[in-house]
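J.: Let me begin by handing over the structure; questions about it come next.
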Amino acid sequence: MTLSLLSLLSRDLSTLWLLLKTLTDEIMHHDISPLCAADIRDQLQKRFAYLSGGRGQDGSPVITFPDYPAFGDVPDQDFQNVMTYLTSIPSLQDAGIGFILVIDRRQDRWTSVKASILRIAASFPANLQLVLVLRPTGFFQRTLSDLAFRFNRDDFKMKVPVIMLSSVPELHGYIDKSQLTEDLGGTLAYCHSRWLRHRTAIESFALLVKQTAQMLQTFGTELAETELPNDVQSTSSVLLAHTEKKDRAKEDMRLALVEGRRVLESIHEPLARSPDQSPNQDQLDSQSTVHRLLAQLNETEAAFDEFWAKHQQKLEQCLQLRHFEQDFREVKSALDVLAQKVTTFTDVGNSLAHVQHLLKDLTGFEEKSSAAVQRARTLSQEGERLIEHKHYAVDSIRPKCHELRHLCDQFAADVERRRGLLGKSLELHGLLEASMKWCDEGIYLLASQPVDKCQSQDGAEAALQELERFLETGAENKIQELSKIFQDYEPILTKDLLEHVQRVFQKQESVEEMFHRRQASLKKLAAKQTRPVQPVAPRPEALTKSPCPSPGIRRGSENHSSEGSALRRGPYRRAKSEVSEGRQGRGGSTGDEESLAVLRRHVMKELLDTERVYVEELLCVLEGYAAEMDNPLMTHLISTGLQNKKDILFGNMEEIYHFHNRIFLRELENYTDCPELVGRCFLERMEEFQIYEKYCQNKPRSESLWRQCSDCPFFQECQKKLDHKLSLDSYLLKPVQRITKYQLLLKEMLKYSKSCEGAEDLQEALSSILGILKAVNDSMHLIAITGYEGNLSDLGRLLMQGSFSVWTDHKRGHAKVKDLARFKPMQRHLFLHEKAVLFCKRREENGEGYEKAPSYSYKQSLNMTAVGITENVKGDAKKFEIWYNAREEVYIIQAPTPEIKAAWVSEIRKVLTSQLQACREASQHRALEQSQSLPLPTPAGTSPSKASTRNIKKLEERKTDPLSLEGYGGPTPQQRAPEKGKGWSKTSHPSETPEDNDGWSSTEEPVNSSDAEEEGRAGPGKLVPGRYTVTRLDEKGVSDVLALRSGDEVELVQEGDEGLWCVRNLSSGVEGWVPARSLSTLLCQGGPVGCLSSPESSAGSAVLSPSSSCSESCTAALADLQG
């Protein structure tokens, strides 16, 4: 049938093509004059001859030669072209009669008349019927012409008569006045320029029609010879190309028709203006020509349209067939894949939750497959429609439709058969879970019965009734007949499932036996009591030693419905409360340990159950959302802002899933029977838990992308397929919730395992998880810092971070600005690193969720090598000081609580202590290297000026920081007061010049004072770091160590352990450690006035500059150690 339909369509096309070719050939073979008016327009415009449209009495066309003085100057070729063109205009019938020539020479001479007649006779290309000559009107010329014409008649050599006319009336005797123009006394209206325009337009239209016909013939030939392509792309390309060419051809024909109508209107225009005037024969011929061309063009267009309709139908049916074949291949391939996947669904499940998951997977698989199945059914229906519309390829389409329907029905049957097996498995596992749950609740009931209350008869009877009530519930929850189970569920009983059924039945029998033994004991107590009897609760060890271990512990129930969760939590909480009460009455460690073991198993069961649910949820998100973003069938639902952003949206969730599914969950299951040792599992995998830090750092970007694209149809479609009540963002939060859940479960497990073997591991695992949570939290804040140009990783590990109120008290700047800043606190978020402390400004962002997370604008940082602290600030237990470069910059920090302040001070002290230790080691090493050199003594300085004296007094009045080291902060031992009358004099520090210190000393500014400074105020005999002049050398050995001489200038760098001071000889640069008691003998008794060095005293007394502070030596030492 396909061949017959195709043959019929081909025959129709051939017939229509022949008709179109015939019409176009007729147009193309129509004679067109070799000369066109456009070609000889200039010669025609000279008007030395014209065709007025007049006719003789027998219909002969009249050609008029008007009086043209330059007639003899017209080139022969131009004359020949004009004659040829004028004689080609009349119809062949009129031209066959012969032309009448009217030669007007009334204003000319005879010689010119003779020359004109001879020229016309020699080159006239058509038949002549009559030549009429209007001879010159002058008497002499008329007489001459009469004589000459008589004697020279034979010279004209014309086969037609040449009549010499003396006047126009004589001419009217030969040609009617209506056929002559006005210049010949006639009434024929003639305009040469209009005639020339009409001729040009008519000829142009005729040429356009011929070209259009030629184009249609060429295009029709191409269409008729086109072979049908074998693929969709080629067929579409051919159809598109042919359609474009057809549109161009139709446009050309439309333009040609418009041009023809315009020419026709231009011919009718003069007649419309003069209704009384009748058209001449030439005008009638022109109208006839245009009408004929328009008719041929319309007929050709109709034939082409019919031919194109058939050709287009053929191509469109071919394209439909190629689409159908291509879709059939794709759909069949997809159905084959689905059929193959159905065969892989062989697992019947090992637990109720597992079967539910398998059913859910099967339903999800069916839903995902529904698109392919529906597409196959739709394609089959489309094929039937093609058959109904008499497609030429019916024999090829019908078998494919039958095959598609068969594949869809087969797939549906396989899925239903699989669902039936899983339904049976679900029913069986429901029975097993109910039995296991009944057994577990029975064990909890036996373990939670208070022993002391059973000693009395009433208590025993009450306990016995409780046991009997529980046993009555076994009718609905127990497995009654094992053989019936084997018979009813034989199709799904695999080897593992069969063993599982047997274990559950054995456990059920064991629990019943325990109840019977407890009943027997209670019945004896209830009957008659002669002496107190201590009934013993069943030990869990008995269950462990039983040949039938509890399947509930090994396999675990994964039914996470709200009702199931409530049923699990109910006995668990009751057991906890009753165990607490029972501990007071029993007093025996055995009962307590049994109860704690039950509680540990509960915690372990919750850990495993929630872990399995967590893994399933991750898998659901990855398969239901992440994988679908790469599905070509879902691409059209993904918005532009979501494309290629899967890594941003899901982060490293896939890495987290693989870790939990392949490693962590399997290892957790190994600790089912010994839950108290589960801490080891966490410790062994603690390094892998660092992947959560990467996920949490990406969470703000993921949340922001979700906010922008949450209304995307893709998410709605995926949520619908997964049958989720919650949207994707709730599941993206699961990893964050899970990592915080572990520490709660570990705390609970540790609570019930304090006397067990794995308690230390549990404590260490809990600390490690909390450390990971802190690191995650800190990293979330670190990534929010903006404006810091350096690399935050260069600052070392982040130790602490938090928000504080900060006051500044700097020695630089205008006094008013300092006062204003001093009383108005700034809100700053501090980040304490190992090498620096960063001050940032917290900025809350607008938005929801993670978009509302704060960002931190970097303000400044302090290098920890130049930082000191004052632990207590007077008037507020929540304040402490951080100062920089020997108190040039002071920051008063107010913590939210005293506890937070204590934690920060402790952590800063640890950092400074470690740096101080490194500084000591570097100083000792440098002192050993320089101990061989003997420096020359430096002359003593003169007395200081009054300004220096006032500065010295203020310096001594300033409170001494017990943790300070010039340019460096660190803890030091309690300073000892030197002996009275002995010691050194301290020199002034350049940063504490009178100009800087006037008006804001610590005594004048209570807000910056500290308790430590009040207690450590430098007195006349107290050693403090600074520069001094040696006044006496009573103690032997001191000068040998540092090569000191009286008058030498030295610097007390820092106080160390065991009463030692680090002293530097400024003359020689040598450093060494000297006992405080030795230094006290070198102090000046007269105070600092007489022996304090000053910048103004003399050139010999050097001034300590900030560049020579211990900060540099410490920094250098640290750099050496780090290098």
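The values are calculated or read from the model by the stated rules, or taken from the named source; none is laboratory data. Predicted model only: the values in this text are computed from it and were never measured. Because the Cβ atoms are built from the backbone with ideal geometry, glycine has one as well, and the counts that use them run over all protein chains shown. Ligands, DNA and RNA are excluded from the accessible area calculation, which covers all protein heavy atoms including side chains. Shrake-Rupley method; radii C 1.70, N 1.55, O 1.52, S 1.80 Å.
J.: Cα-Cα over 24 Å: which of LYS368/LYS694; LYS747/LYS774; LYS341/LYS721; LYS360/LYS720; LYS645/LYS720; LYS484/LYS507?
T.: LYS368/LYS694
J.: Just subtract the alpha-carbon distance of ASP347 and GLU306 from 0.36 nm times their residue separation and send over the number in nm, one decimal.
T.: Value of the extension gain: 8.3 nm.
J.: R0 = 60 Å: FRET efficiency of HIS406 with SER767, Cβ-based, nearest 0.05?
T.: In this case the efficiency is close to 0.40.
J.: I've got another one for you. Compute the distance in nm between two label points, each set 7 Å from the Cα along the Cα-to-Cβ direction, one at VAL736 and one at GLU684.
T.: In this crude label model, VAL736 to GLU684 measures out at 3.2 nm.
J.: Which net charge results for the neighbourhood of GLU764, defined as the other residues with beta-carbon distances under 12 angstrom from its beta-carbon, given Lys and Arg at +1 and Asp and Glu at -1?
T.: -2
J.: Something else about it: Multiply the residue gap between GLN374 and ASP336 by 0.36 nm, knock off their C-alpha separation, and tell me the result in nm, one decimal place.
T.: Going from the current span to full extension adds 12.2 nm.
J.: Each residue of the range 115-123 in turn: what ³J(HN,Hα) in whole Hz from Karplus with 6.51, -1.76, 1.60 and θ = phi - 60°, glycine and Pro shown as x?
T.: Going residue by residue, I get 5, 5, 5, 4, 5, 5, 4, 7, 10 Hz, with x marking Gly and Pro.
J.: For LYS250 and LYS46, what is the calculated FRET efficiency with R₀ set at 45 Å and r taken between the beta-carbons, to the nearest 0.05?
T.: E between LYS250 and LYS46, to the nearest 0.05, is 0.60.
J.: Roughly to the nearest percent, how much of the accessible area of the range 191-319 is carbon and sulfur, given a 1.4 Å probe?
T.: On the range 191-319, the fraction of accessible area on carbon and sulfur atoms equals 50 percent.
J.: List every residue whose amide H lies under 5 Å from the amide H of ILE785, counting only residues 5 or more places away in sequence or on a different chain, with H placed 1.01 Å from N in the peptide plane.
T.: For ILE785, the qualifying residues are TYR856.
J.: Bin width 5 Å, origin at 0, all Cα-Cα pairs of the range 354-489: what percent of pairs per bin?
T.: Result returned by the calculation: 2, 8, 11, 10, 9, 8, 8, 7, 7, 6, 5, 4, 4, 3, 3, 2, 1, 1, 1, 0.
J.: ³J(HN,Hα) across the range 642-653 via Karplus (A = 6.51, B = -1.76, C = 1.60, θ = phi - 60°), whole Hz, x for Gly/Pro?
T.: After applying 6.51 cos²θ - 1.76 cosθ + 1.60, I find 9, 5, 6, 10, 5, 5, 6, 5, 9, x, 9, 4 Hz.
J.: Shifting gears a bit: Would you please classify the overall shape of the range 703-808 from the alpha carbon gyration tensor, given that a ≥ b ≥ c denote the square roots of the eigenvalues, rounded means a/c under 1.5, and beyond that prolate means a/b larger than b/c while oblate covers the rest?
T.: Oblate.
J.: Right, another one. Send over the semi-axes of the range 207-276's equivalent ellipsoid, whole angstrom and largest first, taken as the square roots of 5 times the C-alpha gyration tensor eigenvalues.
T.: Whole-Å semi-axes of the equivalent ellipsoid: 41, 11, 6.
J.: What would the Debye equation give as log₁₀ I(q)/I(0) for the range 232-341 at q = 0.15, 0.18 Å⁻¹, counting only Cα atoms as equal point scatterers?
T.: Calculated log10 I(q)/I(0) at the listed q: -0.80, -0.94.
J.: Determine the shape class of the range 399-442: with a ≥ b ≥ c the square roots of the Cα gyration tensor eigenvalues, call it rounded for a/c under 1.5, and otherwise prolate if a/b is greater than b/c, oblate otherwise.
T.: Verdict is prolate for the range 399-442.
J.: Give me the number: length gained by fully extending SER274 to GLU427, i.e. 0.36 nm times residue separation minus the C-alpha to C-alpha distance, one decimal in nm.
T.: Between SER274 and GLU427, full extension yields an extra 44.6 nm.
J.: Just to verify a number: FRET efficiency for GLN93 and GLU225, C-beta to C-beta distance, R0 = 41 Å, to 0.05?
T.: 0.50
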